[in-house]
Amino acid sequence: MDEIEIGKRVIDIELETLSDLKNSIGEEFKKACDLIFRTKGRVIVSGIGKSGIVGKKIAATLTSLGTPSLFLHPTESLHGDLGIVSRDDVFVAISKSGESDEFRTLIPLVKRLGIPVIAITATKDSELSRLSDITLYVPVKREACPYDLAPTSSSTAMLALGDALAICVMEKKGVKLEEFASYHPGGSIGKKIWLKVRDMMLTDEALVPKVYEDAPMKEVILEMTRKRGITSVVDKDGKLVGVFTDGDLRRLIEKRGKDIFLFRAKDVMNRTPKTIGPDKLAVEAARKMEKYGITALLVVDRNRKVVGIIHLHDLMKARVV
């Protein structure tokens with residue numbers, strides 16, 4: 001037995017299934033997204049066995065991305081739990097075979113309430129597909145199980161399809177980062193989306209780098225080296241006009257050598273400093289630093305006055321990134 005080869009074989013089979021799934025995305029997927037987007041109620045997701053486990057994840061993902069959803073077990077629904085379903089809901093039924101006895105009984109009851117049904121199944125001509133309004137077909141040539149029995153490729157593909165639906169609806173709704181934050185107040189995700197720049201920035205004058213635009217080069221270098229390799233440059237009114245970093249210093253030395261001390265801050269500063277506001281989310285600061293390949297951002301108020309600085313190192317310590 002070669003464990004490594006077995007592991008790679010399983011991944012290859014599942015990748016093949018995901019590739020087939022990607023190619024199958026079409027008008028039915030668009031219809032399903034539109035239906036969920038327009039619903040005034042909740043998305044009720046249902047499934048048995050591994051399909052049920054996938055269904056719970058899909059329901060949780062939809063809810064976390066701004067579409068209220070819950071999981072309903074098909075068997076329990078036939079013994080009283082169907083009462084949680086309302087006429088404004090959308091029903092999503094997940095079954096690889098599409099021939100579940102529970103769904104044969106449950107779906108007509110759901111349809112009797114006037115609720116549209118979306119089927120997620122690996123069998124096109126199944127009973128579930130026939131009973132549903134929209135069928136999302138998951139093409140599965142084979143399971144990764146050597147006996148082609150245990151739900152592996154199929155459950156992976158169904159999970160991916162659920163994620164695609166959830167993200168599609170999220171983007172159609174235009175869910176903003178602040179809204180997303182309100183759904184995740186705790187844990188590491190909560191830190192990333194609740195912490196503001198003002199919570200993380202340094203504000204002490206002894207820690208915030210600042211020189212005036214007429215400052216001599218010696219003063220600029222000393223301030224920059226004391227404050228983690230960066231200093232802001234401000235005008236006489238205290239408004240930000242530029243920035244000077246250790247990278248700027250290296251380039252200046254390469255170009256001008258010892259003549260650098262003939263300059264003042266306004267002669268050598270970068271006139272387009274990257275900044276952020278104190279009320280922005282800390283994760284936005286991290287993304288901006290990553291985008292521009294920098295390790296610090298100057299924090300400015302509405303009047304372009306420097307009120308602090310935020311460092312990537314501090315964001316990493318707080319596990320924002």
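Some points to look at:
- Flag for Leu222 being closer than 22 Å to Thr39 by Cα and modelled with pLDDT of 95 or more: no
- Applying the condition of being touching a Pro at 6+ places or on another chain (Cβ under 9 Å) and of a type in the set (Gly, Ala, Ser) to region 31-76 and asking which residue is surrounded by the most Cβ atoms within 10 Å (Cβ to Cβ) yields Ser46.
- For region 224-239, a residue qualifies if it is within 18 Å of Ile294 (Cα to Cα) and surrounded by 14 or more Cβ atoms within 10 Å (Cβ to Cβ), and the qualifying residues are Met224, Thr225, Lys227, Arg228, Gly229, Ile230, Thr231, Ser232, Val233.
- Note on region 240-255: among residues that are closer than 15 Å to Thr275 by Cα and of a type outside the set (Phe, Trp, Tyr), the one that is surrounded by the fewest Cβ atoms within 10 Å (Cβ to Cβ) is Val241.
- Residue list for region 73-87, restricted to those being touching a Gly at 6+ places or on another chain (Cβ under 7 Å) and under 19 Å from Thr39 (Cβ atoms): Ser86, Arg87
- Checking each residue of region 12-26 against the condition of being of a type in the set (A, V, I, L, M, F, W, C), more than 27 Å from Pro146 (Cβ to Cβ) and within 21 Å of the chain's Cα centre (by Cα) gives no match.
- Scanning region 21-48 for residues that are touching a Lys or Arg at 6+ places or on another chain (Cβ under 9 Å) and under 18 Å from Thr156 (Cα atoms) yields a count of 2.
- Helices (runs of 4 or more DSSP H) lying entirely in region 265-321 (those with 3 or more residues that are over 30 Å from Asp214 (Cβ atoms) and not hydrophobic (A, V, I, L, M, F, W, C)): 282-292, 312-317
- The residues of region 173-215 that are charged (D, E, K, R), surrounded by 14 or more Cβ atoms within 10 Å (Cβ to Cβ) and either more than 30 Å from Gly238 (Cα to Cα) or modelled with pLDDT under 85 (or both), listed by number, are Lys173, Glu179, Lys191, Lys192.
- Test: Leu312 is surrounded by 15 or more Cβ atoms within 10 Å (Cβ to Cβ), in the same structural domain as Glu219 (by TED's automatic domain parsing) and aliphatic (A, V, I, L, M): yes
The values are calculated or read from the model by the stated rules, or taken from the named source; none is laboratory data. These numbers come from a predicted model, not from an experiment. Quick reminder, even Gly has a Cβ in these numbers, built from the backbone with ideal geometry, and neighbours come from all protein chains shown.
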